[in-house]
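The values are calculated or read from the model by the stated rules, or taken from the named source; none is laboratory data. Everything numeric in this text was worked out from a predicted model, so none of it was measured. Virtual Cβ from ideal backbone geometry, glycine too; neighbours counted across all protein chains shown.
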Amino acid sequence: MPGIDETRQFMPLRIAVLTVSDTRELADDKSGNTLVERIAAAGHALAGRSIVKDEVTAIRQRVKEWIDDKSIDVIISTGGTGFTGRDVTPEAIEPLFEKRMDGFSTLFTMISVPKIGTSAIQTRATAGVANATYVFCLPGSPGACKDAWDEILVHQLDYRYRPCNFVEILPRLDEHLRRPKAKGATA
C-alpha cells in the first residue's frame, strides 16, 4: 500500500519555480504562488523564482541556468503548455531533457479527467530529467498546479513515500555522466 513511511527521515529539496506568461507579475502570479505555498508547506526550500515571457529563448535560458546550478534539485514551471501560438514551454524545455518522464504526463491527465472532463486533452504537461535535475512543466492554471502538486509531486518529492519516490534516486541521476569509458571503448 503506498504511503508515508514514518521511520524514514524527511529530506528537504531545493525547488525553483518558473512562471511562463506574457501578462503575469509576482503580485498576480496565482499559479506560481500556489506552488511556492505548497513547496514551503511540504518542508522544501524555494531555490529560485522567475517569470519569463512565452518565448522559447527566454524559457530555455532560465531553465538552463537552473539545471546548471548544482544546488537546485527540482524545477517546476507553470504556463505555456497549451495549444495556442504563444504556448511554447514544451518546445523550449524538452530539448534539454536527457530522459523524458512520460508517466508524469499520463498520470497528470488521469488526475485531470475527473475534474475537468475531456478538456484534459488540451494539456501538454511534460516532465523529464536534465543534468541531474527533475523538471516538471505544468499548465498555467492554479487548479492544475494544485492537482499536480497535491496528487503527484508532494508524494514523489518526499523521501518517506513508499514504495518508491524521486528523492531516493536523485543521487544517481548523473551516474551516466560520471561513469568512466568501458575498457577498449573508442568513442
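Among the residues of the stretch 107-116, is any of a type in the set (A, V, I, L, M, F, W, C), buried (at least 18 other Cβ atoms within 10 Å of the Cβ) and under 15 Å from Thr19 (Cβ atoms)? Don't jump to the end; show me each part of the working.
Within the stretch 107-116, the subset of a type in the set (A, V, I, L, M, F, W, C) is 107-108, 110-111, 113, 116.
Add one more test, that the residue is buried (at least 18 other Cβ atoms within 10 Å of the Cβ), and what stays is 108.
Then drop every residue that is not under 15 Å from Thr19 (Cβ atoms), which leaves none.
Among the residues of the stretch 107-116, not one is of a type in the set (A, V, I, L, M, F, W, C), buried (at least 18 other Cβ atoms within 10 Å of the Cβ) and under 15 Å from Thr19 (Cβ atoms), which makes the answer no.
So, Ile59, is that one touching a residue at least 40 places away in the same chain (Cβ under 8 Å), aliphatic (A, V, I, L, M) and within 15 Å of Phe136 (Cα to Cα) or not?
Working: touching a residue at least 40 places away in the same chain (Cβ under 8 Å): yes; aliphatic (A, V, I, L, M): yes; within 15 Å of Phe136 (Cα to Cα): yes.
Criteria met by Ile59.
Kindly indicate the residue of the stretch 93-103 that is part of a helix (DSSP H, G or I) and touching a residue at least 12 places away in the same chain (Cβ under 8 Å) and also surrounded by the fewest Cβ atoms within 10 Å (Cβ to Cβ) among those meeting that condition.
Just the residues of the stretch 93-103 that are part of a helix (DSSP H, G or I), to begin with: 93-96, 102-103.
Filter once more, so that each one left must be touching a residue at least 12 places away in the same chain (Cβ under 8 Å): 93-96.
Numbers: Ile93: 29, Glu94: 17, Pro95: 10, Leu96: 17.
By that ranking, first place goes to Pro95.
Identify all residues within the stretch 17-32 that are farther than 13 Å from Ile59 by Cβ and among the small types (Gly, Ala, Ser); write none if there are none.
Ala27, Ser31, Gly32
For Glu175, are the conditions met, namely being surrounded by fewer than 18 Cβ atoms within 10 Å (Cβ to Cβ) and touching a residue at least 24 places away in the same chain (Cβ under 8 Å)?
no
Return the residues of the stretch 8-39 that are in a helix (DSSP H, G or I) and touching a Leu at 6+ places or on another chain (Cβ under 7 Å); say none if nothing qualifies.
Those that are in a helix (DSSP H, G or I) and touching a Leu at 6+ places or on another chain (Cβ under 7 Å): Val36, Ile39.
Can you tell me which residue within the stretch 78-102, out of those that are touching a Lys or Arg at 6+ places or on another chain (Cβ under 8 Å) and acidic (Asp, Glu), is modelled with the highest pLDDT?
Checking each candidate, the answer is Glu94.
Given the residues Ala47, Ala41, which is the only one that is exposed (fewer than 15 other Cβ atoms within 10 Å of the Cβ), modelled with pLDDT of 95 or more and aliphatic (A, V, I, L, M)?
The unique qualifying residue is Ala41.
Among Gly3, Gly32, which is in contact with a Lys or Arg (Cβ under 9 Å, 6 or more places away or on another chain) and surrounded by 13 or more Cβ atoms within 10 Å (Cβ to Cβ)? Quick ask: steps written out before the conclusion?
Values: Gly3 fails: surrounded by 13 or more Cβ atoms within 10 Å (Cβ to Cβ).
Of Gly3, Gly32, the one residue that is in contact with a Lys or Arg (Cβ under 9 Å, 6 or more places away or on another chain) and surrounded by 13 or more Cβ atoms within 10 Å (Cβ to Cβ) is Gly32.
Do we find a residue being closer than 19 Å to Ala47 by Cβ and out of contact with any helix residue (DSSP H, G or I) (no Cβ under 7 Å at 6 or more places or on another chain) anywhere in the stretch 75-87?
Within the stretch 75-87, none of the residues are closer than 19 Å to Ala47 by Cβ and out of contact with any helix residue (DSSP H, G or I) (no Cβ under 7 Å at 6 or more places or on another chain).
Please go through (1) assigned to a loop (DSSP other than H, G, I, E, B); (2) within 26 Å of His176 (Cβ to Cβ); (3) not β-branched (Val, Ile, Thr) for Pro90 and return the number of the only condition it doesn't satisfy.
It is condition (1) that Pro90 fails.
Considering only residues that are among the β-branched types (Val, Ile, Thr) and touching a residue at least 12 places away in the same chain (Cβ under 8 Å), look in the stretch 73-92 and name the one that is surrounded by the fewest Cβ atoms within 10 Å (Cβ to Cβ).
Val88
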